1. Could you check ARG293 against (1) at pLDDT 90 or above; (2) of a type in the set (Lys, Arg); (3) closer than 25 Å to SER40 by Cα and say which number it fails?
2. If you take the residues in region 243-288 that are aromatic (Phe, Trp, Tyr) and out of contact with any strand residue (DSSP E or B) (no Cβ under 9 Å at 6 or more places or on another chain), which one is surrounded by the fewest Cβ atoms within 10 Å (Cβ to Cβ)?
3. Being in a helix (DSSP H, G or I), touching a residue at least 12 places away in the same chain (Cβ under 8 Å), closer than 16 Å to VAL371 by Cα and in contact with an Asp or Glu (Cβ under 9 Å, 6 or more places away or on another chain) is true for just one of ILE335, ILE251, ILE245. Which residue is that?
4. Of the numbered conditions (1) closer than 23 Å to ALA58 by Cα; (2) surrounded by 14 or more Cβ atoms within 10 Å (Cβ to Cβ); (3) modelled with pLDDT under 90, LEU120 fails exactly one; give the number of that condition.
5. Being of a type in the set (Asp, Glu), in a loop (DSSP other than H, G, I, E, B) and at pLDDT below 85 narrows it down to one residue among ASP137, ASP90; which is it?
6. Test SER298 against the stated conditions and say whether it is of a type in the set (S, T, N, Q), part of a helix (DSSP H, G or I) and modelled with pLDDT of 90 or more.
7. Taking region 107-126, which residues are part of a strand (DSSP E or B) and more than 20 Å from TYR49 (Cβ to Cβ)?
8. Can you tell which of SER305, SER375 is within 25 Å of LEU262 (Cβ to Cβ), among the polar types (S, T, N, Q) and assigned to a helix (DSSP H, G or I)?
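The values are calculated or read from the model by the stated rules, or taken from the named source; none is laboratory data. Small disclaimer: the values here were computed from a predicted structure and weren't measured. Cβ placement follows ideal geometry from the backbone for every residue including glycine, while neighbour counts extend to all protein chains displayed.
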Amino acid sequence: MRKILAFILPIIMVLSLPISLSVRAENTPTIVITSSFAASGDWVTIPVYIKNNPGICAAKMTIKYDTSKLSLVSAEKGDIMRSTMFTKGDIAVMPLTLVFASLANITDDGILFNLNFEVLPTTGKGEYDIMLSLNEDDVYNIDEVNVAFEKQNGKIIVPGDAKTELTSDTNLNYPPANWAADNSVPATLANFTKKNAFNNGLYTDVSSDKWYYSEVSSAYEYGLMLGKGEGKFDSDGGVTVAEGITMAARIAHIYRGGTGVLTSTSATWYDEYVRYAIKKGIMKKGQFDSFTRNITRSEMAALFSKALPNSCFKAINQIETLPDVSPFDESTQHILKLYNAGILTGNDTYGTFYPDSQIKRSEAAAIINRVAVESFRKKITLTDSGKNWFD
């Protein structure tokens, strides 16, 4: 139990330690980083999965890649890690350290982590390795017995004008249907410009004395949100998962020079936005249990956080913790990113976020405006509430 506690305690303290390379052995369990095609400027999800799993409860590993070609947007727990404690080093620091621990063996094969990368717009044709390092001494089961693993590195392949041939040992994640960039226009926040004229009375339920009047009008002017029909915006109404994905996809599309409008050829209006969001690494296939239920505030924050490259979220605030946001939640890194970029401000002077509550359309308008337009972002200083997320 001492070894297991040695992993759990650093996770609670959010610490990370360097590790070394593992030794390959025949017929041992394997941790695999998948490979994928992507175009310059694309976002892509790279799963890290385990196969032939004999049962492990704790592990520590590092990930390395070329930071001049790729930018790691986030690292998230995979499907077999939902009940584990998980922490990671600063995703902006190389190498990235990933640590997890559980009070019972994980015995399933499946995805340990999902690494969400942006291929930098300046990245040209080539193959860019994503390398895994782990030490046998840092992987063991509930009986505190070390488990030996083979490792298999992956890569992101930028084919240029044509697809490249893959070697037989390449673990391809998926070949995208469209190899071309969205548009010849450079990807930049300057692509967010006013497209529509907002007139007082456009929405009968949005009067000029409401706090959200300017937010709703700006969201309409920039082509980020529209009304619900019959002359209403429905400011206090909720946002469905499909609508949240659509907003995030619209942000990503306009940033890359598109119009923000994706036409679906299927019977479901949001299908094309979902496909686009998956392609750009904003979400994963199967991530949501329903597209028609209302989205939570933490889910919405994660989508917006992934809609643009990290370079678009320059920190103007210094916020490390929030009173009601657990440091172990997968969405925490995204929530804090938006707070520090001046996009989220909280619901009181303490920065209380209410991550599991539903978000109103008026609130979504304020947030999407700040995601798209830097001048709308807010510098804030929070008051210490004296409470922790578990109180």
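1. Failed condition: (3).
2. As a first pass, look at region 243-288 and keep what is aromatic (Phe, Trp, Tyr): 255, 269-270, 273, 276, 288.
Narrowing the set further to residues that are out of contact with any strand residue (DSSP E or B) (no Cβ under 9 Å at 6 or more places or on another chain) leaves 255, 269, 273, 276, 288.
Numbers: TYR255: 26, TRP269: 12, TYR273: 27, TYR276: 21, PHE288: 17.
Only one residue tops the list, namely TRP269.
3. Values: ILE251 fails: in contact with an Asp or Glu (Cβ under 9 Å, 6 or more places away or on another chain); ILE245 fails: in contact with an Asp or Glu (Cβ under 9 Å, 6 or more places away or on another chain).
Step by step, each of ILE335, ILE251, ILE245 is checked, and only ILE335 is in a helix (DSSP H, G or I), touching a residue at least 12 places away in the same chain (Cβ under 8 Å), closer than 16 Å to VAL371 by Cα and in contact with an Asp or Glu (Cβ under 9 Å, 6 or more places away or on another chain).
4. Failing condition for LEU120: (1).
5. Details: ASP137 fails: in a loop (DSSP other than H, G, I, E, B).
Only one candidate qualifies: ASP90.
6. Judged against the criteria, SER298 is a match.
7. Taking region 107-126 first, the residues part of a strand (DSSP E or B) are 110-119, 126.
Answer for region 107-126, where residues must be part of a strand (DSSP E or B) and more than 20 Å from TYR49 (Cβ to Cβ): GLU118, VAL119, GLY126.
8. Working: SER375 fails: within 25 Å of LEU262 (Cβ to Cβ).
Selected residue: SER305, the only one of SER305, SER375 that is within 25 Å of LEU262 (Cβ to Cβ), among the polar types (S, T, N, Q) and assigned to a helix (DSSP H, G or I).
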